[in-house]
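K.L.:
Encoded as structure tokens, here's the structure I'll be asking about.
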Amino acid sequence: MKILLVDDSRAIAMVMRARLESFGYEVKHAINGEIALEFFQAEDFDLILMDIEMPGMNGFEVTTRIRAQEGLEPWAWTPIIFVTATDTETNLVTAIEAGGDDFMSKTVPENVLQAKMKAMSRIAAMRARLCQANYKLQDQANRDGLTGLLNRRAMDMQIDIAWELARQAAKPFSLLMIDIDNFKKYNDHYGHQAGDDCLRAVATCLGEQIQLINDDRTAPGAFVARYGGEEFAVIIPNASPGVHAGVAASLVEAVHGLGVPHEKNGDYGVVTISVGAACFPHAMGQIKTLFRLADDLLYKAKDAGRNRAEVA
């Protein structure tokens with residue numbers, strides 16, 4: 001268990017730290033409230049032992065700020081025990097109202113301290129498991145059940161954030177709309193189970209290609225989502241104008257290179273995609289304008305024979 005010990009007395013903190021470390025816990029000491037907040041923002045702790053009376057910011061104020069910060073993160077909660085030499089009823093009530101979870105004296109007997117730490121260790125373990133389960137549930141809620149890509153809801157949320165950041169900084173913003181060519185004919189000819197397999201294969205291919213351009217820093221922050229049905233979207237924030245054209249061409253080539261048979265796809269004989277790729281050199285206005293442009297380009301690519309990208 002990792003403990004943040006907040007106390008302005010170096011002597012008292014040294015004694016408490018030695019006691020806790022003798023139990024096998026990792027302890028980090030903050031000499032005042034300001035430093036405690038810095039440590040809390042930079043690292044994860046399983047427990048905070050908080051002194052009340054400190055110069056500048058007292059323990060109640062530090063705790064209030066910590067709880068406000070945790071409120072910005074889903075499922076974030078760190079147990080806080082107030083440790084003081086004046087364990088009055090007023091301090092106890094104020095400590096709980098400020099967001100504290102327990103209260104103990106600085107002269108707490110060794111066996112009581114050890115028992116409290118054992119209880120906190122169990123809580124820390126349960127908290128870690130709960131956070132892991134919650135993050136897993138959140139990830140599942142953001143994923144398309146068939147392809148594993150981001151779903152439309154998650155895509156919309158991420159686009160709104162990325163677009164606003166790009167707009168404020170007047171950064172480039174690119175969008176690719178992608179459609180599997182003649183997918184209805186594929187489903188009619190091969191069956192819906194094969195259609196699902198086709199969607200998964202294309203989604204995996206797109207995801208791998210976007211991961212590559214993230215890894216080589218061509219377009220850091222790019223991501224792909226299932227837009228709906230046989231349509232996908234690739235969002236490329238902050239990449240230089242022109243990058244979207246290369247990405248679009250590589251996606252068309254990669255999907256064609258899968259060689260998934262598609263007898264009803266004209267002369268190609270394999271599964272292919274059409275792409276509409278649009279870029280605003282400086283994000284401005286509303287994101288829906290970029291979507292309309294990319295969608296128009298997608299249909300232009302289909303009208304021009306499919307298995308290609310139209311770029312603007």
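The values are calculated or read from the model by the stated rules, or taken from the named source; none is laboratory data. Treat the numbers as computed from the prediction; the structure is a model and nothing was measured. Cβ placement follows ideal geometry from the backbone for every residue including glycine, while neighbour counts extend to all protein chains displayed.
K.L.:
State all residues of region 148-190 that are among the aliphatic types (A, V, I, L, M), touching a helix residue (DSSP H, G or I) at 6+ places or on another chain (Cβ under 6 Å) and without any contact (Cβ under 8 Å) to a residue 40 or more places away in the chain; if no residue qualifies, say none.
P.N.:
none
K.L.:
Let me ask another. Can you find, within region 157-183, the residue that is surrounded by the fewest Cβ atoms within 10 Å (Cβ to Cβ) among those that are among the charged types (D, E, K, R) and over 14 Å from Phe280 (Cβ atoms)?
P.N.:
So, considering only residues that are among the charged types (D, E, K, R) and over 14 Å from Phe280 (Cβ atoms), the one surrounded by the fewest Cβ atoms within 10 Å (Cβ to Cβ) is Asp160.
K.L.:
Also, I was wondering about something else. Look through region 213-268, keep the residues that are of a type in the set (Ser, Thr, Tyr) and in contact with a helix residue (DSSP H, G or I) (Cβ under 8 Å, 6 or more places away or on another chain), and return whichever of them is farthest from Arg152 (Cα to Cα).
P.N.:
Tyr268
K.L.:
I've got another one for you. Within region 261-270, does at least one residue satisfy the condition of being surrounded by fewer than 21 Cβ atoms within 10 Å (Cβ to Cβ) and over 25 Å from Asp196 (Cα atoms)?
P.N.:
Scanning region 261-270, I find no residue that is surrounded by fewer than 21 Cβ atoms within 10 Å (Cβ to Cβ) and over 25 Å from Asp196 (Cα atoms), so the answer is no.
K.L.:
Hey, does region 66-75 have a residue that's touching a strand residue (DSSP E or B) at 6+ places or on another chain (Cβ under 8 Å), farther than 18 Å from Ala30 by Cβ and modelled with pLDDT of 90 or more?
P.N.:
So far as region 66-75 goes, no, none of its residues is touching a strand residue (DSSP E or B) at 6+ places or on another chain (Cβ under 8 Å), farther than 18 Å from Ala30 by Cβ and modelled with pLDDT of 90 or more.
K.L.:
To continue, here is another question. I need the full set of residues from region 179-199 which are closer than 18 Å to Val275 by Cα and not in a loop (DSSP other than H, G, I, E, B), in order please. Steps first, answer last, please.
P.N.:
Filtering region 179-199 down to residues closer than 18 Å to Val275 by Cα leaves 179-184, 198-199.
The answer is Asp179, Ile180, Phe183, Lys184, Cys198, Leu199.
K.L.:
Residue check, Gly285 against (1) loosely packed, with under 14 Cβ neighbours inside 10 Å; (2) not in a loop (DSSP other than H, G, I, E, B), all met but one. Which one?
P.N.:
Only one criterion in (1) loosely packed, with under 14 Cβ neighbours inside 10 Å; (2) not in a loop (DSSP other than H, G, I, E, B) is unmet by Gly285, namely (2).
K.L.:
Suppose the filter is in contact with a helix residue (DSSP H, G or I) (Cβ under 8 Å, 6 or more places away or on another chain), within 21 Å of Met16 (Cα to Cα) and surrounded by fewer than 20 Cβ atoms within 10 Å (Cβ to Cβ); does Pro55 pass it?
P.N.:
Here the answer is no, as Pro55 does not meet what is asked.
K.L.:
Further, regarding this structure: Which residue out of Glu26, Glu43, Glu53, Glu61 is over 34 Å from the mean Cα position of the chain (by Cα) and acidic (Asp, Glu)?
P.N.:
Numbers: Glu26 fails: over 34 Å from the mean Cα position of the chain (by Cα); Glu43 fails: over 34 Å from the mean Cα position of the chain (by Cα); Glu61 fails: over 34 Å from the mean Cα position of the chain (by Cα).
Answer to the check: Glu53.
K.L.:
Please work out which one of (1) polar (S, T, N, Q); (2) within 30 Å of Asp139 (Cβ to Cβ); (3) surrounded by 11 or more Cβ atoms within 10 Å (Cβ to Cβ) is the condition Gln41 fails and give its number.
P.N.:
In the conditions (1) polar (S, T, N, Q); (2) within 30 Å of Asp139 (Cβ to Cβ); (3) surrounded by 11 or more Cβ atoms within 10 Å (Cβ to Cβ), Gln41 misses (3) alone.
K.L.:
Here's a follow-up. Take the conditions among the β-branched types (Val, Ile, Thr), outside the structural domain of Lys288 (by TED's automatic domain parsing) and part of a helix (DSSP H, G or I) and apply them to Ile213. Does it pass?
P.N.:
no
K.L.:
Now for a separate question. Give the residue that is nearest to Glu110 (Cα to Cα), with candidates limited to residues of region 1-27 that are in contact with a strand residue (DSSP E or B) (Cβ under 7 Å, 6 or more places away or on another chain) and surrounded by fewer than 17 Cβ atoms within 10 Å (Cβ to Cβ).
P.N.:
By that ranking, first place goes to Glu21.
K.L.:
Could you grab the pairs with beta carbons closer than 8 Å, sequence gap of 6+ or different chains, first residue in region 211-224 and on the phi > 0 side of the Ramachandran plot, second one among the aliphatic types (A, V, I, L, M)?
P.N.:
These pairs meet every condition: Gly221/Ala162; Gly221/Ile236.
K.L.:
Tell me yes or no: at least one residue of region 93-106 is of a type in the set (Val, Ile, Thr) and crowded, with 19+ Cβ neighbours inside 10 Å.
P.N.:
Residues of region 93-106 that are of a type in the set (Val, Ile, Thr), as a first pass: 93-94, 96.
Next, only the ones that are crowded, with 19+ Cβ neighbours inside 10 Å stay: none.
There is no residue in region 93-106 that is of a type in the set (Val, Ile, Thr) and crowded, with 19+ Cβ neighbours inside 10 Å.
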